[in-house]
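One structure is given here, and the rest of the page talks about it.
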Amino acid sequence: MARGLNRVTLIGTLTQDPEMRYTPGGLAVLELNLAGNDTVTDEQGQARELAWYHRVKLLGKSAEFWGDSLKAGTALLVEGRLEYRSWEQDGQKKSSLDIRADRIEVVSLEGKKGSLTITDARGQERLRDGLNQVVLVGNLTRDPELRYTPQGTAVTRFSLAVNERYVSKGQEQEKVHYVEAQAWRELAEFAGELKKGDGAFLIGRLVNDSWTAQDGTRRFTTRVEASRLERLARGTGTNTGGAGSQGAATAAPKGRAGKVNIDEGLEDDFPPEEDLPF
């Protein structure tokens, strides 16, 4: 299994004052609602702005340090990672993909010109020149699903298992985070060539999707919209992160970069991205 890499970087504005709570064990949890706009390039080479809203959790002493000083409208840099959780509810398996902050910093907008924020329909400020980037290394948990929209545009969905190793109570532990991803057009066709178990390097943006399924139920999911994807050669990236035991492993096929925004969707199983204020 490829040695996991799991990094999230966000720059945006707080849409409301942070909320502090404590777990039954006394651990401080600070919830931050962050919003911004990404600037992406479409197929015609035109720059477009795409809105995003994400909830971030900061834990422990860092949460208590920042809890009273942050206010709605403050611009923040967040460095962290994706955290997968699963549980049983009413006999059904549920899961979520959260953002766990390792570090936050206040971003100064002093000296910048023009309109720096956008006011959304709920009166929340969203940073116009935001940053929303996810970088992952993991292994595919299944063969990718390559499909085409009614307009003939390729779209592929796949899932990465990203392993995390850490030490708890003096014992080495391992946890696996499962991350859904999606690629469009040429990048989708490249992704469709990958196989279950392949190691992959992925850069993209984190998006929240909401749609109505054919049975009328409302569904929600968080996934990464890929802008770059590389297949990793087997036998590399194991344990130590250096060359693996198969020193003669052949080079992997070249990866590709692609566009991430699209105006056309598939059926309800492949919804278009929506602007989702909290």
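When residues of segment 1-58 are filtered for being of a type outside the set (A, V, I, L, M) and without any contact (Cβ under 8 Å) to a residue 24 or more places away in the chain, how many remain?
Qualifying residue count, segment 1-58: 10.
Just give me the residues in segment 68-94 being without any contact (Cβ under 8 Å) to a residue 24 or more places away in the chain and either closer than 18 Å to residue 28 by Cβ or among the small types (Gly, Ala, Ser) (or both), in sequence order.
Selection gives 68, 69, 86, 91.
Identify all residues within segment 8-30 that are of a type outside the set (Val, Ile, Thr), in a strand (DSSP E or B) and surrounded by 15 or more Cβ atoms within 10 Å (Cβ to Cβ); write none if there are none.
10, 12, 14, 20, 28, 30
Quick one: would you say residue 57 is in a strand (DSSP E or B) and of a type in the set (Lys, Arg)?
So residue 57 passes the test.
Examine segment 105-112 for a residue that is without any contact (Cβ under 8 Å) to a residue 24 or more places away in the chain, touching a strand residue (DSSP E or B) at 6+ places or on another chain (Cβ under 7 Å) and of a type in the set (Gly, Ala, Ser), and state whether such a residue exists.
no
Take segment 182-218 and flag every residue that is in a strand (DSSP E or B) and under 22 Å from residue 165 (Cα atoms).
Those that are in a strand (DSSP E or B) and under 22 Å from residue 165 (Cα atoms): 199, 200, 201, 202, 203.
Would you please name the residue that is nearest to residue 22 (Cα to Cα), looking only at residues in segment 71-97 that are part of a loop (DSSP other than H, G, I, E, B) and under 24 Å from the mean Cα position of the chain (by Cα)? Walk me through it before giving the result.
First, the residues of segment 71-97 that are part of a loop (DSSP other than H, G, I, E, B): 71-74, 90-91.
Next, only the ones that are under 24 Å from the mean Cα position of the chain (by Cα) stay: 72-74.
Numbers: 72: 21, 73: 24, 74: 23 Å.
Applying the filter and picking the extreme gives 72.
Among what's in segment 123-152 and is among the polar types (S, T, N, Q) and touching a residue at least 60 places away in the same chain (Cβ under 8 Å), pick the residue that is farthest from residue 13 (Cα to Cα). Quick ask: steps written out before the conclusion?
At the first step, the residues of segment 123-152 found to be among the polar types (S, T, N, Q) are 124, 132-133, 139, 141, 149, 151.
Pick out the ones that are also touching a residue at least 60 places away in the same chain (Cβ under 8 Å) and you get 124, 132-133, 139, 149, 151.
Working: 124: 9, 132: 12, 133: 15, 139: 33, 149: 34, 151: 36 Å.
Per the criteria, the residue is 151.
Looking at (1) modelled with pLDDT of 95 or more; (2) among the aromatic types (Phe, Trp, Tyr); (3) farther than 27 Å from residue 117 by Cα, can you tell me which one residue 84 breaks?
Just one mismatch for residue 84, condition (1).
Could we say that residue 110 is out of contact with any Leu (no Cβ under 7 Å at 6 or more places or on another chain) and either closer than 19 Å to residue 223 by Cβ or at pLDDT below 95 (or both) here?
yes
Tell me whether segment 220-243 contains one or more residues that are surrounded by fewer than 12 Cβ atoms within 10 Å (Cβ to Cβ), at pLDDT 60 or above, under 21 Å from residue 96 (Cβ atoms) and of a type in the set (Phe, Trp, Tyr).
We begin by selecting, within segment 220-243, every residue surrounded by fewer than 12 Cβ atoms within 10 Å (Cβ to Cβ); these are 220, 239-240, 242.
Filter once more, keeping what is at pLDDT 60 or above: 220.
Still in the running and under 21 Å from residue 96 (Cβ atoms): 220.
Narrowing the set further to residues that are of a type in the set (Phe, Trp, Tyr) leaves 220.
Within segment 220-243, one or more residues are surrounded by fewer than 12 Cβ atoms within 10 Å (Cβ to Cβ), at pLDDT 60 or above, under 21 Å from residue 96 (Cβ atoms) and of a type in the set (Phe, Trp, Tyr).
For every residue, the table says whether it meets (1) in contact (Cβ under 8 Å) with a residue 40 or more places away in the chain; (2) over 20 Å from the mean Cα position of the chain (by Cα); (3) more than 23 Å from residue 98 (Cβ to Cβ).
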site: 178; (1), (2), (3): yes, no, no
site: 182; (1), (2), (3): yes, no, no
site: 186; (1), (2), (3): yes, yes, yes
site: 197; (1), (2), (3): yes, yes, yes
site: 201; (1), (2), (3): yes, no, no
site: 204; (1), (2), (3): yes, no, no
site: 207; (1), (2), (3): yes, no, no
site: 212; (1), (2), (3): yes, yes, yes
site: 216; (1), (2), (3): no, yes, yes
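Can you give me the number of residues within segment 163-185 that are closer than 15 Å to residue 204 by Cα and either touching a Gly at 6+ places or on another chain (Cβ under 9 Å) or polar (S, T, N, Q) (or both)?
Here is the first cut: in segment 163-185, the residues closer than 15 Å to residue 204 by Cα are 179-185.
Filter once more, keeping what is either touching a Gly at 6+ places or on another chain (Cβ under 9 Å) or polar (S, T, N, Q) (or both): 179, 181-185.
Qualifying residue count, segment 163-185: 6.
Mind checking whether some residue in segment 251-273 is at pLDDT 50 or above, more than 30 Å from residue 12 (Cα to Cα), crowded, with 16+ Cβ neighbours inside 10 Å and not polar (S, T, N, Q)?
Scanning segment 251-273, I find no residue that is at pLDDT 50 or above, more than 30 Å from residue 12 (Cα to Cα), crowded, with 16+ Cβ neighbours inside 10 Å and not polar (S, T, N, Q), so the answer is no.
The values are calculated or read from the model by the stated rules, or taken from the named source; none is laboratory data. Only a predicted model underlies this, so the values are computations on that prediction, with no experimental measurement involved. Every residue, glycine as well, gets a Cβ built from its backbone with ideal geometry; the counts of neighbours run over all protein chains shown.
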